[in-house]
Amino acid sequence: MARARKLLLISPQATFFGRNPQHQRFKRESREFQFFDYTWTGFATGLVIVGSLTPPGWDLHYIDENIEPVDFDEDADLVALTGMTAQADRMYEIAAQFRARGVPVVAGGLHANLLPFEVARHVDSVCVGEAEALWPQVIHDFTHDGLKPMYRQTTRADLSVVPRPAYELAQQRYYPSIWVETSRGCPHSCRFCAATIRYRDKLGYKTVDQVIREVEYVQERWDNPYVLFSDDNFVVDRNRTRELLSRLVPLGIKWSGQSDVSFYKDPEILDLMHESGCMTMLIGFESVSTETLDGIDERNWKFRNLSKYVEAAKTIQDHGVGVYGAFTLGLDTDTKDSFEATAQFVKENYLAGIQVSCCTPFPGTPLRDDMERENRILPDKSWSYYTVFDAVYQPKHMTPEELEEGALSVYRSFYNREFSLRKTRHFKSIYRNLVKKKVEREQALATTGRSMV
Amino acid sequence: MTDTTLLEEPFLTIQRIIAQVAKTSPQAVVLENPVTGITNVDSIVMLEIVARVELELDIEIDEEQLFAISTVGDFVAVCRDLTAART
Ligand code: SF4
């Protein structure tokens, strides 16, 4: 019998918070922040997708270097690497070690999509596009005619027919959250967003049946999994969202997702989110400044919605769904006062959590083009600093150090014991109201046999 | 905490509510469990549990007390003191 070929699927190590010493110290010392950081830690989704697309007859080994070291002597016929920009430097080091042994290396993922020609200098083959559209060809070429240096996607993958990701590959490692993808893409095109560059032309969706089967599969493999829906924007198609949420209710999971604020006006979605176990939504507010939001996305959607941020945050949280606000600081209209204004907003509105990043000019984004033209990219900041928490360019109204320190000051004023106590009081009163209403409904149902509307 | 704690209120109420909210079996809820270490319980889930326990036992736990709770046993002790003080 022919020997099974062996594929190593490797996610390189990276710092998923600022590399600068102040950020690292804060991360070590803030219990409140550690909890946020921990919840949003999951596996490399791209690799479990590649695993699902690899034909039988291959032995697969998933390695997350953030959890375990790579054994460079491990037997392997082929290595697949993925990574965001912050992982790129390490991705190249890993590729060099395997290639020195004569093991071919293929790279895909976000950074390979942003800078394919740079990545191509370090690996045997680069995949530009979605794995579903490319990986079967890569495997075919590897086993028959030899790898091509670059694979480019020509048509969008139809997500409604893709196989279920091979979640089982990541099952032996401990992940606080399990990432499940239901759609790809986002209707907004923010100037600094690298995540959606691959999908800008069109959104892609899995069917509701597919998603439910995947969640059930995850439930079979993990004990009470906390599911993180990794979609860039979970609520774009309202009808589909309603159907999906209704089908999640009986599964009894706890979950979080990411979106814009638009769903706050849909009471049915809000109720269904709470009933289906939605704990928090990470919402990209980006900024609380009119000047900064003006022109931040192609349709100026965020600028037009700024006046609704307060009402939206309150309405969503009053339905028992905590709002994790994502903010990007350091754009050209931001000044040193922007930090205080952001801290004030997140505290006055009792957001459940925050992610405050330094605006980062990722390759391929319009923001990068501007920064390069103006010669403002900091040359000493290698890709490993593209953590979104380190300043990698010269901001207009402050120094890079002031930007990092300012972003951290927002964290400090939010993630501390005193504010956590106030926030706890606030959320406890929300939950008391919700529980009271739930109990009243249950009692009415018990006495009349009819549910109250 | 004695063995009889496991057969008495407020433990039984707390055990039932944690199991119901965290979608786990009541047997999995023991006094030694760290409150946020019970599968499926994080700090927001914990607040839903606290709100339900407060309403059922007709007590109010203040935030300082809540922050000092690290195990189910601590939670039971705080609720027992508050229910005793109420009667
Ligand atoms: S809303 Fe978020 S995901 Fe969508 S384009 Fe903007 S930054 Fe990217």
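The values are calculated or read from the model by the stated rules, or taken from the named source; none is laboratory data. All figures in this text were calculated on a predicted structure; none of them were measured in a lab. Note: ideal-geometry Cβ built from the backbone for every residue, glycine included; neighbour counts use all protein chains shown. Just so you know, the surface numbers come from the protein's heavy atoms only, side chains and all, with ligands and any DNA or RNA stripped out. Shrake-Rupley method; radii C 1.70, N 1.55, O 1.52, S 1.80 Å.
Tabulated results
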{"read-out": "Residue tally, condition open to solvent by 10 Å² or more (accessible area, probe 1.4 Å) and part of a helix (DSSP H, G or I), over the range A:244-259", "value": "5"}
{"read-out": "Residue ID - nearest to the ligand (Cβ to nearest atom), chosen from residues in the range A:260-272 that are crowded, with 21+ Cβ neighbours inside 10 Å and not in a helix (DSSP H, G or I)", "value": "A:Asp260"}
{"read-out": "Given (1) within 21 Å of the chain's Cα centre (by Cα); (2) among the aromatic types (Phe, Trp, Tyr); (3) not in a helix (DSSP H, G or I), index of the condition A:Tyr350 fails", "value": "(1)"}
{"read-out": "Single unsatisfied condition, A:Glu181 versus (1) open to solvent by 10 Å² or more (accessible area, probe 1.4 Å); (2) more than 16 Å from the ligand (Cβ to nearest atom); (3) among the charged types (D, E, K, R)", "value": "(2)"}
{"read-out": "Among residues of the range A:17-63, those that are in contact with a helix residue (DSSP H, G or I) (Cβ under 7 Å, 6 or more places away or on another chain), in contact (Cβ under 8 Å) with a residue 24 or more places away in the chain, open to solvent by 40 Å² or more (accessible area, probe 1.4 Å) and outside any loop (DSSP other than H, G, I, E, B), counted", "value": "3"}
{"read-out": "Some residue of the range A:350-371 being within 16 Å of the ligand (Cβ to nearest atom), touching a Gly at 6+ places or on another chain (Cβ under 7 Å) and farther than 30 Å from A:Ser429 by Cβ", "value": "yes"}
{"read-out": "Any hit, the range A:290-312, residues being among the acidic types (Asp, Glu), within 14 Å of the ligand (Cβ to nearest atom) and open to solvent by 10 Å² or more (accessible area, probe 1.4 Å)", "value": "yes"}
{"read-out": "Residue list for the range B:68-80, filter: over 9 Å from the mean Cα position of the chain (by Cα), over 14 Å from B:Glu8 (Cα atoms) and open to solvent by 30 Å² or more (accessible area, probe 1.4 Å)", "value": "B:Ala68, B:Ser70"}
{"read-out": "The range A:204-243 - residue that is in a loop (DSSP other than H, G, I, E, B) and open to solvent by 30 Å² or more (accessible area, probe 1.4 Å) and, of those, nearest to the ligand (Cβ to nearest atom)", "value": "A:Asp232"}
{"read-out": "Residue identified as over 24 Å from A:Tyr393 (Cβ atoms) and either open to solvent by 10 Å² or more (accessible area, probe 1.4 Å) or within 14 Å of another protein chain (Cβ to nearest Cβ) (or both) among A:Val321, A:Val346", "value": "A:Val321"}
{"read-out": "Selection from the range A:411-428 of residues that are open to solvent by less than 60 Å² (accessible area, probe 1.4 Å) and more than 7 Å from chain B (Cβ to nearest Cβ)", "value": "A:Tyr411, A:Ser413, A:Phe414, A:Tyr415, A:Asn416, A:Phe419, A:Ser420, A:Lys423, A:His426"}
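Yes/no per residue for (1) more than 18 Å from A:Glu130 (Cα to Cα); (2) of a type in the set (S, T, N, Q); (3) touching a helix residue (DSSP H, G or I) at 6+ places or on another chain (Cβ under 9 Å); (4) open to solvent by less than 60 Å² (accessible area, probe 1.4 Å):
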| residue | (1), (2), (3), (4) |
| --- | --- |
| A:Gln153 | no, yes, yes, yes |
| A:Ala157 | no, no, yes, yes |
| A:Tyr167 | no, no, yes, yes |
| A:Ala170 | yes, no, yes, yes |
| A:Tyr174 | yes, no, no, no |
| A:Ala194 | no, no, yes, yes |
